[in-house]
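Let me begin by presenting the structure, written as structure tokens, before commenting on it.
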Amino acid sequence: MSLADTVRFPATFTGVRWAGLGRRWVSPILLLVLWEIGARTGLIPSRVLAAPSAVAATFWGMLVSGELPTNLAVSFVRVAIGLLAGVAVGSGLALTAGLSRLGEDAVDPLVQMLRTLPVLALSPLFIVWFGIDETPKLTLIAFAVVFPVYLNLFNGIRAVDPRLIEAARSFGLSGWSLIREVVLPGALPSFLLGLRFALAVAILVLVVAEQINAQAGLGYLINNARDFMRTDIIVVCLIIYALLGLGADSLVRAVERRALAWRPSFLRT
Amino acid sequence: MAKTAIRTRTDPSPVSSAAPAGAAPAVRVRDFHRRFGDVTVLDRLNLDIAQGEFVALLGRSGSGKTTLLRTLAGLDSAGDQDVTVPTARAVVFQEPRLLPWKNIWRNVALGLPGDVRSRAEAALTEVGLSHRMDAWPATLSGGEAQRAALARALVREPRLLLLDEPFASLDALTRIKMHGLVLSLWRAHAPAVLLVTHDVDEAISLADRVLVLEKGRIAAEERIDLPRPREVGAGFQAIRRRLLGHLGVDVAHAEASRATGESALIAFPQ
């Protein structure tokens with residue numbers, strides 16, 4: 001059906017926006033050039049900041065030697081596990097609190113209180129509890145992830161238009177079918193927003209968590225590089241962290257485009 | 001969902017009422033009262049709607065129109081009061097209330113068991129929307145969305161169709177088309193219809209019977225015997241004047257100045 005096509009595949013960001021993009025690259029490239037010149041002329045000593053070319057060479061070397069991929073994989077798995085656990089717990093709590101008043105009274109005050117704790121300040125306690133291997137790193141990430149997921153999903157569930165719920169009830173939906181057909185899809189946009197916050201937080205906490213006696217991972221690489229004043233390696237790891245965040249964000253955006261195809265913002269008819 | 005205490009009936013048994021001889025009314029309400037806090041919204045209200053009868057309910061805001069409709073729809077519990085409605089009933093609200101994350105035909109089929117695409121398609125064809133079956137609700141115009149809402153009600157083959165000001169937010173031209181559509185659907189399926197509206201002309205041009213709700217009771221009733229389609233003529237105007245009078249609007253003066261011109265322009269519908 002031709003109609004379905006026009007609705008489902010909007011011409012979102014083509015044409016118009018690419019023309020302006022070329023101009024936007026000028027200043028970053030200029031900065032890189034100045035940085036390189038500064039490094040080559042000795043204006044910026046390499047122990048303060050390595051030259052872009054040195055960073056690129058180091059990056060390539062670490063890539064080929066397998067040092068970067070293996071450590072990146074370790075960090076990636078940490079984020080993934082921590083995120084998964086945090087999202088599961090946060091969603092569970094949000095569903096409990098969102099779908100019943102009793103659940104809200106039981107869960108919400110608790111979460112709101114814990115939310116005020118700065119997560120990173122918990123790391124000493126977590127080290128005492130869980131030692132210095134993987135467990136405190138994963139629990140720190142998971143703990144931090146719980147809150148953005150909980151807050152957004154809970155809010156999303158409660159913000160579902162009561163008129164839609166009423167209409168669905170009048171057409172015979174109730175209980176689980178009402179939750180599945182109306183409440184959860186209605187809360188999905190908020191959940192995905194929470195997930196984006198969660199990803200950002202997860203990577204932030206990863207950076208700190210990996211400083212806890214890590215034997216592998218990006219944080220371990222940075223710590224080592226610091227000891228040897230290898231600013232080139234530090235910069236490589238910083239870039240990887242940034243790319244990790246960027247990749248995670250665009251992943252959620254891709255999920256949003258698919259799962260929220262019905263939203264007016266994704267529809268250009 | 002809490003079960004409504006409303007009594008529903010699938011096989012009507014004869015009851016003495018205002019309904020045509022031999023048939024039980026589709027809706028029967030006796031001495032119904034409802035209060036919110038200290039405010040009595042409906043006060044010992046009696047209502048009968050015959051099978052297949054088209055009834056319009058007029059009333060000012062706060063007169064309890066919507067409360068009555070919600071009770072008949074089962075959205076508000078009737079408690080143990082004497083309210084009888086058919087099991088098969090469906091509501092069209094003022095807003096389309098389509099679920100934005102389901103395409104049109106899935107909205108129409110909402111809550112129906114089994115393979116319902118063909119049933120949804122049939123209903124959408126009836127309202128002239130079969131070409132938008134797979135579209136998202138956000139892409140529909142106001143009129144299209146309300147037609148989809150009509151299809152969603154129709155597909156349930158209701159014996160009682162409850163219309164809660166369904167045309168109020170449509171533009172005038174779309175509204176006229178919707179009137180025609182509702183009438184033809186009503187003729188084809190013959191459900192009892194309760195149309196809640198604040199538009200006197202709409203009530204007169206559609207309904208068999210117009211009720212005026214005032215202070216929680218049916219304050220007035222007009223049977224409309226004009227043949228359909230109804231045009232604004234002398235008979236129409238007389239009914240309108242009476243109904244507006246019941247609603248507390250004195251139009252005799254204002255109408256008098258226009259009446260001569262209008263009756264000259266519009267054919268007398270008898």
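The values are calculated or read from the model by the stated rules, or taken from the named source; none is laboratory data. What you see is a predicted model, and the numbers here were worked out from it, not measured in a lab. Cβ atoms come from the backbone with ideal geometry, glycine included; neighbour counts cover every protein chain shown. The accessibility values were calculated without ligands, DNA or RNA, using every heavy atom of the protein model including side chains. Shrake-Rupley method; radii C 1.70, N 1.55, O 1.52, S 1.80 Å.
Computed quantities for the displayed model
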read-out: Residue list for the range A:153-174, filter: among the β-branched types (Val, Ile, Thr) and in a loop (DSSP other than H, G, I, E, B); value: A:160
read-out: Members of the range A:237-269 that are among the acidic types (Asp, Glu) and either loosely packed, with under 12 Cβ neighbours inside 10 Å or within 14 Å of another protein chain (Cβ to nearest Cβ) (or both); value: A:256
read-out: Residue in the range B:32-43 that is within 14 Å of chain A (Cβ to nearest Cβ) and over 19 Å from the mean Cα position of the chain (by Cα) present; value: no
read-out: Condition broken by residue A:158, with the remaining ones in (1) within 28 Å of residue B:160 (Cβ to Cβ); (2) more than 14 Å from chain B (Cβ to nearest Cβ); (3) of a type in the set (Lys, Arg) satisfied; value: (1)
read-out: In the range B:203-222, the residues that are farther than 23 Å from residue B:166 by Cβ, among the charged types (D, E, K, R) and part of a strand (DSSP E or B); value: B:217
read-out: Verdict on residue B:192 being aliphatic (A, V, I, L, M) and either modelled with pLDDT of 90 or more or under 23 Å from residue B:51 (Cβ atoms) (or both); value: yes
read-out: Meets criteria (more than 14 Å from chain B (Cβ to nearest Cβ) and in a helix (DSSP H, G or I)) for residue A:146; value: yes
read-out: Subset of the range A:39-56 (residues that are over 9 Å from residue A:232 (Cα atoms) and either aliphatic (A, V, I, L, M) or open to solvent by 80 Å² or more (accessible area, probe 1.4 Å) (or both)); value: A:39, A:40, A:41, A:43, A:44, A:48
read-out: Single match in B:173, B:162 (criterion: more than 13 Å from residue B:126 (Cβ to Cβ) and in contact with a helix residue (DSSP H, G or I) (Cβ under 8 Å, 6 or more places away or on another chain)); value: B:162
read-out: Residues that are open to solvent by less than 60 Å² (accessible area, probe 1.4 Å) and of a type outside the set (Val, Ile, Thr), drawn from the range B:230-247; value: B:230, B:233, B:234, B:235, B:236, B:237, B:238, B:240, B:243, B:244, B:245, B:247
read-out: Verdict on residue B:109 being surrounded by 23 or more Cβ atoms within 10 Å (Cβ to Cβ), over 26 Å from the mean Cα position of the chain (by Cα) and either at the interface with chain A (Cβ under 10 Å from one of its Cβ atoms) or closer than 19 Å to residue B:174 by Cβ (or both); value: no
read-out: Of the criteria (1) away from chain A (no Cβ under 13 Å); (2) over 16 Å from the mean Cα position of the chain (by Cα), which one residue B:129 fails; value: (1)
read-out: The lone exception for residue A:116 - which of (1) closer than 30 Å to residue B:110 by Cα; (2) more than 14 Å from every other protein chain (Cβ to nearest Cβ); (3) of a type in the set (S, T, N, Q) it fails; value: (1)
read-out: The lone exception for residue A:157 - which of (1) touching a residue at least 24 places away in the same chain (Cβ under 8 Å); (2) open to solvent by 50 Å² or more (accessible area, probe 1.4 Å) it fails; value: (2)
read-out: Residue that is in a helix (DSSP H, G or I) and open to solvent by 70 Å² or more (accessible area, probe 1.4 Å), where the choices are A:140, A:110, A:83; value: A:110
read-out: Lone unmet requirement of (1) at pLDDT below 90; (2) open to solvent by less than 70 Å² (accessible area, probe 1.4 Å); (3) under 27 Å from residue B:226 (Cα atoms) for residue B:56; value: (1)
read-out: Residue satisfying all of: in the range B:132-181; within 20 Å of residue B:109 (Cβ to Cβ) and of a type in the set (Asp, Glu); nearest to the other protein chains (Cβ to nearest Cβ) among these; value: B:134
read-out: Output for the range B:34-84, where each listed residue is assigned to a strand (DSSP E or B), touching a residue at least 40 places away in the same chain (Cβ under 8 Å), more than 24 Å from residue B:248 (Cα to Cα) and not hydrophobic (A, V, I, L, M, F, W, C); value: B:82, B:84
read-out: Total residues in the range B:69-94, condition away from every other protein chain (no Cβ under 14 Å), out of contact with any strand residue (DSSP E or B) (no Cβ under 6 Å at 6 or more places or on another chain) and either within 24 Å of residue B:178 (Cβ to Cβ) or open to solvent by 20 Å² or more (accessible area, probe 1.4 Å) (or both); value: 2
read-out: Output for the range A:172-186, where each listed residue is open to solvent by 30 Å² or more (accessible area, probe 1.4 Å) and more than 10 Å from chain B (Cβ to nearest Cβ); value: A:176, A:179, A:180
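Here is a yes/no grid of residues against (1) of a type in the set (Val, Ile, Thr); (2) within 25 Å of residue B:34 (Cα to Cα); (3) open to solvent by 10 Å² or more (accessible area, probe 1.4 Å):
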residue	(1), (2), (3)
B:146	no, no, no
B:151	no, no, no
B:163	no, yes, no
B:180	no, no, yes
B:186	no, no, yes
B:199	no, yes, yes
B:207	no, no, no
B:216	no, yes, no
B:228	no, no, yes
